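Colleague: Quick one: the structure is below, and I'll ask about it shortly.
The values are calculated or read from the model by the stated rules, or taken from the named source; none is laboratory data. What you see is a predicted model; the values in this text were computed from it and never measured. Cβ placement follows ideal geometry from the backbone for every residue including glycine, while neighbour counts extend to all protein chains displayed. Calculation scope for accessible area: heavy atoms of the full protein, side chains included, ligands and nucleic acids excluded. Shrake-Rupley method; radii C 1.70, N 1.55, O 1.52, S 1.80 Å.
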Amino acid sequence: MIVAGAGGRLGDVSFLARLARSPSAAAGAVGVALVVLVALLAPLIAPYDPNLQETANRLAAPQGAHWLGTDAFGRDLLSRLIYGTRPTLLLLMFVVLLMAPLGILVGILAGFFGGIVERVLMRITDIVMAFPRLVLAFAFVALIGPGLVNGALALALTSWPAYARQARVETAALRRNDYLSAAEMVGIRGFRLLWGHVLPMLLPSAIIRIALDMSGVILAAAGLGFLGLGVRPPTAEWGSMVADGTQVIFDQWWIAAAPGFAIFLTSLAFNLLADGLRDILDPRHG
Amino acid sequence: MHFVWVALRWLISLALTLLGLVVVTFAMTRLSPVDPATQMVGSHASASSYQAAREALGLDQPLPIQFLHYLRMAASGDFGQSISTGQPVASDIARTFPATLELATVAIIMGAALGLCLGIFAAMRPGGVFDAVARLISLVGYSVPIFWLGLLMLLLFYARLHWAPGPGRLDVLFQYTVPARTGFVLLDTWLSGKPGAFRDALAHLALPATVLMFYALAGIARLTRALVLTELGQEYALTAYAKGAAVHRVVFVHVLPNIAGQLITICALAYASLLEGAVLTETVFAWPGIGRYLTTAMFAGDMPAILGGTIVIGASFVLLNTLTDLAVGRTARGRA
């Protein structure tokens, strides 16, 4: 899990114990772990090749051989559902790795240096903050071309400002702290100071924000897939599977319902986990 | 004097944000592998007609000149001709935008009413049954893919139960007989005086508006609850309690007037996000608004339409956002 070992307070045993005591957070953690596990073990769990087309057995109802039935190409729906965890988590990872570092970097620079640097950076942050995220992401992918990386890039490029604002406020508060002056007095300056002494202090709140952002990213990615702007076919992706099922929604409703339900459950698990994390790590919101 | 200064600063920030939006969309067109000149003349065109198209589109000019050209185009609302509909993008947008505005407005009225109630009553007894229900609703609202919710509702209420009419804004019966005077179908059917037309429009609106409402409901309920809870811990609320006021009196007489500005902000921001959420909802319900126009354009690779739609939705979003900022700035100062 990402949070383990990301900071002194996060890694210790009492943290896990407190997480286990909140039933909703524990359920969320289990759900997220399950999705990650399914993604890692997909080839072992999936009963069929997700792209294998059994044309004689198209649009089959759920039955013994195909627990969730087959889609319009005769592909096993359960197997596609299982493999569908992969692009979702991969995109999630890309987005987090892009947006959080970018936002934190902007925030640290603005908060630490102040003055004109701060004014310019925060003005840009405000401008991007006022952008419509989803529509810009759709337009970006529609114009640059569909695909996992482009989708992640589009979402990350519009969602970093929240991290920048938070990091700036916290860095500016740290700036007035004695321990930073102490570090500077013993000669720690520049990059080393920001990396070793400022950044670690910003991580807990950034992690909470990442956790809170996860479900939004999952839903946005699913939206991209639904509009045909996500991973290219025939790769199994939940959003595009819902779109495929739309054509037969009135007769074989489960083809669209099942992947949508998977999106819902995954995003719900991340939300539960994020709420729990916030309650534990950030008592202000208790 | 002070007010002029505030208004000026607001205008500058609005202009900068809109400029940023234009810069970003311009960068997208330059990064796009789609060549607008090829799109215009086709891939089998001769070199000379291709060159003529490039010159007509101004693609042979240096980048800064191209940007200025683009900026003037965006500012005048002239986005060129849509490749898929063959109409000017501006008139396409003028035709589709009212449908989106109508849908989003009905949805935000429902979402705000329900969300504020949920949040306020949940905060009155935190940990109670009502709080748990409100928490569940907002959790589901935050987690559910809106396009999937729309599909399921169509399946249930249209295909299975026959309670709601199918996709679209009006029955075929009324579609061509009701004159489009305002573009808002509720108003048009009301004005037309045709029996049953207004009810038909309302019935068509019910499902998509409910789905879109869900998009706003969760956020409004959660933020309202947090806000009211924080205020209830303030000293003025405790004082009111100490003087013997019941919790509903404290909330409705003391707390709510104090946080009215922030509640309006929450709803206004949700309204802006509905303009975005409309893109997916309209696609599911075949609602002929700007969202569906945009997604159709995306499938067709119709660059002028994509840009026009994005800029118009984006500009409305930015305008709502900065207007809210202005309103909050004023109420916050009014309180201080």
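Colleague: Tell me the per residue accessible area of region B:2-75 using a 1.4 Å probe; a whole number in Å² is fine.
Modeller: 62
Colleague: Under a Cβ-Cβ cut-off of 12 Å, what is the net charge of the residues other than B:ALA197 that fall near it, where Lys and Arg count +1 and Asp and Glu count -1? Intermediate results must be reported in sequence, preceding the final value.
Modeller: Details: positive: B:ARG169, B:LYS194, B:ARG199; negative: B:ASP171, B:ASP188, B:ASP200.
Counting the neighbours of B:ALA197, the net charge comes to 0.
Colleague: Below 8 Å, C-alpha to C-alpha, sequence gap of six or more: please give me the relative contact order for region A:116-224 in percent. Write down the numbers at each step before the final one.
Modeller: On the way: 49 pairs, mean separation 30.4, N = 109.
Reported as a whole number, the value is 28 percent.
Colleague: Still on this structure, I have one more. With Cβ to Cβ distances under 12 Å as the rule, what net charge do the other residues near A:GLY107 carry (K, R +1; D, E -1)?
Modeller: After counting each charged neighbour, the total is +1.
Colleague: Answer rounded, prolate or oblate for chain B, using the Cα gyration tensor with square roots of eigenvalues a ≥ b ≥ c: rounded when a/c is under 1.5, else prolate when a/b is larger than b/c, else oblate.
Modeller: Oblate is the answer for chain B, as a/c is 1.5 or above yet b/c matches or exceeds a/b.
Colleague: Please report the relative contact order for chain B, taking Cα pairs under 8 Å with a sequence separation of at least 6, and give it as a percent rounded to a whole number.
Modeller: RCO, chain B: 26 percent.
Colleague: Report, in deg cm²/dmol and to the nearest 500, the calculated mean residue ellipticity at 222 nm for chain A, where each DSSP H run with n ≥ 4 adds -39500 (n - 2.57) and the sum is divided by the residue count.
Modeller: Computed ellipticity for chain A at 222 nm equals -23000 deg cm²/dmol.
Colleague: Please state the Cα pair-distance histogram of chain A with 5 angstrom bins from zero: what percent is in each bin?
Modeller: 1, 5, 11, 14, 14, 14, 13, 10, 7, 5, 3, 2, 1, 1, 0, 0
Colleague: Let me ask you something else. Using alpha carbons only, how many angstrom separate the centre of region B:15-84 from the centre of region B:202-267?
Modeller: Using only Cα atoms to place each centre, the spacing works out to 47 Å.
Colleague: Using θ = phi - 60° and the Karplus form 6.51 cos²θ - 1.76 cosθ + 1.60, what ³J(HN,Hα) does each residue of region A:85-90 get, whole Hz, x for Gly and Pro?
Modeller: Using θ = phi - 60°, the values come out as 4, 5, x, 4, 5, 4 Hz.
Colleague: Any idea of the total accessible area buried by the B-A contact, 1.4 Å probe, rounded to 100 Å²?
Modeller: 3800
Colleague: For chain B, what does -39500 (n - 2.57) per DSSP helix run (n ≥ 4), summed and divided by total residues, give at 222 nm, in deg cm²/dmol to the nearest 500?
Modeller: Details: 14 runs with 250 residues, N = 336.
Dividing the helical sum by the residues of chain B leaves -25000 deg cm²/dmol.
Colleague: Across region B:93-109, in residue order, what do the Karplus-derived ³J(HN,Hα) couplings come to in whole Hz, using 6.51 cos²θ - 1.76 cosθ + 1.60 with θ = phi - 60° and x for Gly and Pro?
Modeller: Residue by residue, region B:93-109 yields 5, 4, 7, 8, 4, x, 4, 5, 4, 4, 4, 5, 5, 4, 5, 6, 5 Hz.
Colleague: What percent does the relative contact order of chain A come to when contacts are Cα pairs within less than 8 Å and at least six residues apart?
Modeller: Once divided by the residue count of chain A, the mean separation gives 25 percent.
Colleague: If you don't mind, there's one more thing I want to ask. Compare the peptides B:303-312, A:95-104 by average per-residue count of other Cβ atoms within 10 angstrom and give them in order, highest first.
Modeller: Per-residue mean Cβ counts within 10 Å order the peptides as B:303-312, A:95-104.
Colleague: Quote the convex hull volume per residue of the protein assembly as shown, based on C-alpha atoms, as a whole number of Å³. Before the final figure, lay out the partial values.
Modeller: Details: hull volume 136.3 nm³, N = 622.
Each residue corresponds to 219 Å³ of Cα convex hull volume.
Colleague: Return the sequence-ordered ³J(HN,Hα) values of region B:300-310 in whole Hz as given by the Karplus equation 6.51 cos²θ - 1.76 cosθ + 1.60 applied to θ = phi - 60°, using x for Gly and Pro.
Modeller: These are the phi-based 3J(HN,Hα) values: 8, x, 7, 4, x, 5, 4, 5, x, x, 4 Hz.
Colleague: Amide H to amide H, which residues 5 or more places from B:GLN81 or on other chains are under 5 Å from it, using H placed in the peptide plane?
Modeller: B:VAL89
Colleague: Just to confirm my numbers, what's the Cα centroid distance between region B:127-142 and region A:257-278 in Å?
Modeller: Each part's Cα centre sits 15 Å from the other's.
Colleague: In addition: Determine the sum of side-chain charges near B:ALA297: Lys and Arg each +1, Asp and Glu each -1, restricted to other residues whose C-beta is under 13 angstrom from that of B:ALA297.
Modeller: Cβ neighbours under 13 Å give a net charge of -2.
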